[in-house]
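**Q** Before we start, here is the structure in question, set down as structure tokens.
The values are calculated or read from the model by the stated rules, or taken from the named source; none is laboratory data. These numbers were taken from a predicted model, which means no experiment stands behind them. Don't worry about glycine lacking a Cβ; one is built from the backbone with ideal geometry, like all the others, and counts go over all protein chains shown. Side chains are part of the model used for accessible areas, which takes the heavy atoms of the whole protein and leaves out ligands, DNA and RNA. Shrake-Rupley method; radii C 1.70, N 1.55, O 1.52, S 1.80 Å.
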Amino acid sequence: MIIEERLKMQEGFSDVEKAIANYILERGEKLKNESARYVARQVYTSVSSVTRLCQRLGFDGYPDFREAYLEEEAYLCSHFQRIDANMPFERKDSPLRVANKLSTLYGEIVDDTLSLITAEQMQAVMQMFETCNRIHVMSLGSHAYLAYPFREKMMKIGIQVDINQQSDIGYYQAEVAGKEEIFLFISYSGELENLIKVAEKAKSKGIPTICFTSYGHNQLASV
């Protein structure tokens with residue numbers, strides 16, 4: 001989940017943290033030149049309260065939170081300008097208009113995904129695939145279906161792909177897997193505890209891992 005959504009949802013926030021979150025959302029990119037002390041002063045609270053909110057969101061403190069938040073703001077301002085990805089159409093839209101909007105949205109998604117991939121990342125993945133003989137795909141949600149066309153294509157070039165939706169079996173596979181195998185994780189939230197444990201086990205053994213998740217900060221992407 002992106003930072004902006006978490007600041008808007010304010011799940012588990014105290015009244016003070018809600019005030020800080022609302023201030024940050026209001027300021028947006030203007031937060032660039034504002035210190036934790038300045039933010040605290042604007043909402044009549046302490047610097048430690050600002051720090052605690054940043055830590056609640058998964059950051060060490062205000063400076064790295066601000067850096068990630070501003071990077072996210074720049075990203076959101078430069079993508080999905082034509083269609084709102086969360087609410088792509090309205091009740092009053094005709095069926096043809098809905099179809100056109102979805103077509104535009106998927107085009108933007110492809111362009112957006114491509115803009116997030118670097119040449120270095122592609123090269124690193126290619127090097128992993130050159131030496132692997134087996135790929136373990138882990139997904140505990142509905143996104144596992146995305147792996148089936150991938151498995152079919154990889155089978156045609158002689159690479160075995162296992163699709164697993166059970167974390168206990170996935171953990172065992174990570175325990176016995178060799179470095180010539182790859183673990184590929186699919187999770188939109190990136191916050192599923194059982195999936196994170198499998199990723200941590202694979203990483204601890206030096207097994208190559210690839211993660212497909214949503215844009216923004218989450219635990220799985222940080223493993």
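**Q** If a paramagnetic tag sat 7 Å from the Cα of T113 along the Cα-Cβ line, which residues of segment 203-220 would have the backbone N under 20 Å from that point?
**A** Under 20 Å, as judged by backbone N against the label point of T113, lie 209-218, 220 of segment 203-220.
**Q** Per residue, how much accessible area does the chain show when a 1.4 Å probe rolls over the protein heavy atoms, in square angstrom? Please list the in-between numbers first.
**A** Values: 13730 Å² over 223 residues.
Here the per-residue accessible area is 62 Å².
**Q** Cβ under 13 Å from R151's Cβ, R151 left aside: what net charge do those residues give with Lys, Arg +1 and Asp, Glu -1?
**A** Values: positive: R134, K153, K156; negative: E152, D162.
Once positives and negatives cancel, what remains is +1.
**Q** Kindly state, to the nearest 0.05, the FRET efficiency for N33 paired with R56, given R0 = 30 Å and r defined as their beta-carbon distance. Numbers along the way, then the final one.
**A** Details: r = 24 Å, r/R0 = 0.79.
Between N33 and R56 the formula returns 0.80.
**Q** Toward the positive end of the charge dipole of the chain, about the Cα centre and with charges on Cβ (Lys, Arg +1; Asp, Glu -1), which of Q123, F59, P208 goes farthest?
**A** Projecting each Cα onto the dipole axis, the largest value belongs to F59.
**Q** Students often get this wrong: which residues of segment 24-54 have the backbone nitrogen under 15 Å from the point 7 angstrom along Cα-to-C-beta of Q10?
**A** Label zone hits: 24-27, 43-44, 53.
**Q** At 1.4 Å probe size, with the rest of the protein present, what percent of the exposed accessible area of segment 103-195 is carbon and sulfur atoms?
**A** Details: 3340 of 5790 Å².
That share works out to 58 percent.
**Q** A further question follows. Just list whichever of K156/K203; K8/K101; K101/K201; K8/K197 have alpha carbons separated by over 30 Å in the model shown. The partial results should precede the final answer.
**A** Values: K156/K203 28 Å; K8/K101 26 Å; K101/K201 42 Å; K8/K197 28 Å.
From K156/K203; K8/K101; K101/K201; K8/K197, over 30 Å: K101/K201.
**Q** Take the alpha carbon atoms of the chain, find their radius of gyration, then divide it by 2.2 N^0.38 Å using N residues; give the quotient. Please list the in-between numbers first.
**A** Working: Rg = 20.7 Å, N = 223, 2.2 N^0.38 = 17.2 Å.
Its radius of gyration relative to the 2.2 N^0.38 Å reference: 1.20.
**Q** Which cross-chain or sequence-distant (5 or more) residues have an amide H under 5 Å from the amide H of I159, H modelled 1.01 Å from N in plane?
**A** Answer set, sorted by chain and number: none.
**Q** To continue, here is another question. At 7 Å along Cα-to-Cβ for each site, give me the label-to-label distance between M1 and N100 in nm.
**A** Output for this residue pair reads 3.5 nm.
**Q** Whole Å is fine, so just give me how far the alpha carbon centre of segment 106-159 lies from that of segment 183-223.
**A** The two parts, judged by their Cα centres, are 14 Å apart.
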